[in-house]
Amino acid sequence: MALMDRLPKHLFTNRGWGLLAAGAVSLGCAYVMGRRDLLTLAVLLLLLPLVALAGVRVLKPKFQVYREFNPSTVETSGTTTVRLAVARSSFSTGHVIMEEQLPPRFGEPPAFRFPARSASGGTSRYEYHLRSGKRGQFRIGPVTAEFSDPFGLSLRRHAIDDGDILTVTPAAVELPVTGLAGARGNDGVTATRIRANPSDDDIMTREYRHGDPMRRVHWAATARHGQLMVRQEESVTTPEATLILDQRFAAFAAGGNSVFGSHDEDSDLVTNANFEWMVTAAISIAAHLAERSYSLRLLDAFGSPAFHRSRSAPDPEMEEFAGVGGLQAIAESLAAVELGGPRHNRLEHQRTEHSSERNQISQHKEGSPGPAGTEADSPFNDRLMDKLSAHRLRGPLLALVGNLTHAEARTLAPAAGYGANAFALVMTDASRNNEEVLEILRLAGWKAAAVTSKTQLTAAWSAFDAGGIVAAADAAMDVRRGAAVPR
C-alpha cells in the first residue's frame, strides 16, 4: 500500500494502477513462458485503464455553477454566507466529488458530493461560511470536479466555473461624538439665507409676490429698485466635509514597517500596518460624518479622486459621496485601495524609458521647463488646492497623511484656509521626530496630531475636540454671510 500511495492520483485510481501492474506482470510472464493467452490478458489489462483515461479526458461532463454571497460585501472579521447551486448541463451519470477552491487565508476548501441528497430538479445546493480578518478582494472558487469512468479506473479533475470575487471592506470604528461636525439642526443640515457665492442684495432679494408677508420686505432694496422687494427664502444647505487620503508609497514605506505585496497571505495589495490604520480611520470618519448627513469629498494627495486606482471602486473617478449609498461606495472603494504614487507605480516605466528621458532632460537644459508631469507628481500641488478652493469654507477639511518632510508640510499648510476647520492625522514612526512638521501645520491653522499604527483611533479623534471645533459650521456660515453683506 505504501507504494500505491506514492503513485500520482490525478491519472488513475488505485484500481487502475492495480490493473496496469497486473498487465505488466502478465506481459512479463507471457514473454518468459511463451503463453499466448497470457499475452491476450496482458493487452486487455493494459488497454482498459488507458481507454478509461482517454474517455474521461474527452467525454468530461459539463456543469453550471451559480454562486451568491450574503451579504455581497462583508466587513473585516464579519461573516458572509456562500450559497452554491450546481447543475449538470450534459448527460452523465454517477457521483462526482467537488471542491470549492479558496485562498489560503480562509482555511481548508469545502468538499461535497454531487448530486446532493437533497437535490431537487437536477440542481444541488450547498452552503458554507467565510470570514476574513483583512480587507481586500479575493477570488472564491472555482469549483473543481473530480470524476472517474464507470469502472473507477481513471480520475479527472477540472474547474467547472471561473469563480467570483468577494469584496471585504474595512470595518469602521465607532467614533465618539465631538464638536467637529459643527452646529446643525436636528435634521443634520444647516440653514442659511444665502445662495451659493452671494455678492449683493439683488441675489438675496426678489420682487414682491402676492401673499408674501410684509415682514419679509427689504426696504433698502425696495428704495434702490423702485419696487417692493422681499428677502429671499431661506435655503437649506447640506454640510460638506473634504477628506484627503494620502496613498503615497514613499510616505508609508519609510522606517522599519515594511511594505508587503502579493507574497503575503495571498493578498496582492501593496500596504502595511501604518496605511491600514489610515484606511480604518478613513472609513470610520466617513461613517461618522455620513451619519450626521454630511456629503463627503475624498481626494488623494495629488488632487485626484481618492479611489481612481482602487480595483474595488464602483466608480474610480467619483470624488463626491452622499447618503447611505455614498458611504457604501466609499467602503467598497477602500477594500482594494493601496499604496502607490510616482515612485512606486512608475518605477519600471522609468527604467525602460531611462535613455529617452535623459534625452528630454538634455533638450530642456537651455531655460526650458522640466519634463511634463513634474508638477502633477508633487503632493499637495495646485490641482489639489484648486479643488479645495472650489469648496472653500463649506465644512471641515481632514487630512490623513503619512510621514511628511518639512517641505511637504509647508506645501500642505496653506490648505487649512480652505476649510471651516482643518484637521490632520500625521503618521509617524520611531525613526522620525515629527514635532517640527506638526508645528508647521499648527501655525498655519491645522489641528494636527501624530499617530502610529498602535494609536487608538478614538483617542486620536477625541484629541481634535478642543474648544473652537464646536463652532466650525457656524464659523463657516459667518464668513459666507459676511461676504454677502453690502457695503
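Applying the Karplus relation 6.51 cos²θ - 1.76 cosθ + 1.60 with θ = phi - 60° to region 241-247 yields 3J(HN,Hα) values of 9, 10, 10, 9, 10, 6, 10 Hz, where x marks Gly and Pro. Extension gain, VAL25-TYR128: 0.36 nm per intervening residue step, less the Cα-Cα distance, totals 32.4 nm.
Taking amide H positions as modeled 1.01 Å from N, with prolines and chain starts lacking one, the residues under 5 Å from VAL143 and 5 or more places away or on another chain are GLN101, ILE160, ASP161, GLY163. Roughly how far apart, in whole Å, are the Cα centres of region 295-344 and region 31-86? Using only Cα atoms to place each centre, the spacing works out to 44 Å.
Residue by residue, region 412-418 carries 3J(HN,Hα) couplings of 6, 3, x, 5, 4, x, 8 Hz when phi is fed to the Karplus relation 6.51 cos²θ - 1.76 cosθ + 1.60 (θ = phi - 60°); x denotes Gly or Pro. In sequence order, region 308-314 has phi-based couplings of 5, 10, 7, 5, 8, 5, x Hz under the Karplus curve 6.51 cos²θ - 1.76 cosθ + 1.60, θ = phi - 60°, and Gly or Pro positions carry x.
In the neighborhood of LEU175, defined by Cβ-to-Cβ distances under 14 Å, what is the net charge if each Lys or Arg adds +1 and each Asp or Glu adds -1? Spell out each step's value before the answer.
Working: positive: ARG292; negative: GLU174, GLU291, ASP465.
Around LEU175, the surrounding residues sum to -2.
Quick note: the coordinates plus some simple rules give every number you see, no bench work behind them. The model shown is predicted, which means the values in this text are computed figures rather than measured ones. Note that we place each Cβ from the backbone using ideal geometry, even for glycine, and neighbour counts take in every protein chain shown.
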